[in-house]
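Reviewing the structure listed below.
Derivation of every value follows stated rules applied to the coordinates shown; laboratory data play no part. Since the model is a prediction, treat every value here as computed from it, not as a measurement. Counting neighbours? That spans all protein chains shown, and the Cβs are built from the backbone with ideal geometry, glycine included.
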Amino acid sequence: DQQVKQNSPSLSVQEGRISILNCDYTNSMFDYFLWYKKYPAEGPTFLISISSIKDKNEDGRFTVFLNKSAKHLSLHIVPSQPGDSAVYFCAASGNQFYFGTGTSLTVIP
Amino acid sequence: DGGITQSPKYLFRKEGQNVTLSCEQNLNHDAMYWYRQDPGQGLRLIYYSQIVNDFQKGDIAEGYSVSREKKESFPLTVTSAQKNPTAFYLCASSIDYGRYEQYFGPGTRLTVT
């Protein structure tokens, strides 16, 4: 059973606009969450993380929001750039990491 | 230039043959991991190692074996017992096991025919 879910397999956004990628999890014991970015035929690269004691973490154009009561996190990218086009995985950690299925983001110039 | 290397990038094997995928890291990380990615699925954990000479099964360990004789190396053997071995395999490491960012290698695409 998938413990981390990304229900949108793909997302298209105009350059300069905001991209919002969503992730839901089922296990309330998860206490650390991460987002990874992946280009085709490459390994994922770490993007940003958030601990369960916070509800927001920001790094440049990337902000992750955590809603523990809803078991939901989201990644905001603003402004979106064509180089952001990639697959984005969320991951949640309890005693091991569980990854979502990924959302393919396309930023249209 | 620290990082994780996986070789080869593409690997082809005949059904019934064992094959070993290489993973090396020079990040001085204690923990290492092997994941498998299939189309439309997230990364699934095959095996992990918290420290040298130790390794544990992940969610989908059947048909796979690993060793951790050196801190920097964590090879994965895909045996003939693995029913569906064709996949993209990713190796990762982290400074310690648990709530730490994992750094991934470039992956190996294994095709078994």
Determine the percent antiparallel among the DSSP beta bridges restricted to the protein assembly as shown, to the nearest 5. 90 percent
Compare the peptides B:32-43, A:5-16 by average per-residue count of other Cβ atoms within 10 angstrom and give them in order, highest first. B:32-43, A:5-16
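Normalized C-alpha radius of gyration of chain B, against 2.2 N^0.38 Å?
Relative to the 2.2 N^0.38 Å estimate, chain B comes out at 0.99.
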Shielding of A:29-38 by partner chains, average beta-carbon count, 10 Å: 2
Taking A:65-71, A:79-85 and ranking on average Cβ neighbours within 10 Å, highest first, one gets A:79-85, A:65-71
What's the average, rounded to a whole number, of partner chain beta-carbon atoms within 10 Å of each residue's beta-carbon in B:89-99? 3
Run the simple label-point estimate for B:Arg44 and A:Glu42 please: 7 Å along Cα→C-beta, distance reported in nm. 2.7 nm
Just checking the output field for B:3-10: average partner chain Cβ neighbours within 10 Å of each residue's Cβ? 1
Relative packing of B:21-28, A:32-39, which averages over residues the other C-beta atoms within 10 Å, highest first: A:32-39, B:21-28
